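For reference, the structure is listed below as structure tokens.
The values are calculated or read from the model by the stated rules, or taken from the named source; none is laboratory data. Only a predicted model underlies this, so the values are computations on that prediction, with no experimental measurement involved. Methodologically, a virtual Cβ is constructed for each residue, glycine included, from the backbone with ideal geometry; neighbour enumeration extends over all protein chains shown. Heads up: the accessible areas ignore ligands, DNA and RNA and are worked out on the full protein's heavy atoms, side chains in. Shrake-Rupley method; radii C 1.70, N 1.55, O 1.52, S 1.80 Å.
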Amino acid sequence: MDAEGLGWLLVPLQQLVSWGAAGAMVFGGVVPYIPQYRDIRRTQNAEGFSTYVCLVLLVANILRILFWFGRRFEAPLLWQSVVMILTMLLMLKLCTEVRVANGLNLKRRVFAASRWSSCGRAATPSRRPTSC
């Protein structure tokens, strides 16, 4: 078979590989955050996740989008920035919700522990101070 005979197969195959590479480029940066998101949601603990990383990635991707308006580059890189911004906003939302919920639980526990303590002063005026 000659090259012209396989042209009907090579052109669509080349386009399919090109689309696959573009898709991998767009969504490849998001893949590491999927297990991290699931772990934070499952454990309700966001202490190991740095919000400064989100800040740096948000700034970098916003600057990349702004650069695109001045000098156009490939569309997959533009879409990668948009997808990464959405991912970082989603991660920040989850971390904020988890940290606020954990902070409220901690405050409730501290308040409840000091209020009903059997040693020391009582937190409410109706209870008399006790000594240990």
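Below are the figures for this structure:
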read-out: Residue match in segment 55-64 (condition: at negative phi and in contact with a Phe, Trp or Tyr (Cβ under 6 Å, 6 or more places away or on another chain)); value: no
read-out: Considering residues of segment 52-67 that are open to solvent by 50 Å² or more (accessible area, probe 1.4 Å) and not aliphatic (A, V, I, L, M) only, the residue farthest from MET88 (Cα to Cα); value: PHE67
read-out: Subset of segment 44-54 (residues that are under 11 Å from the mean Cα position of the chain (by Cα) and not aromatic (Phe, Trp, Tyr)); value: ALA46, SER50, THR51, VAL53, CYS54
read-out: Residue tally, condition hydrophobic (A, V, I, L, M, F, W, C), closer than 16 Å to MET84 by Cα and either in a helix (DSSP H, G or I) or open to solvent by less than 80 Å² (accessible area, probe 1.4 Å) (or both), over segment 1-51; value: 7
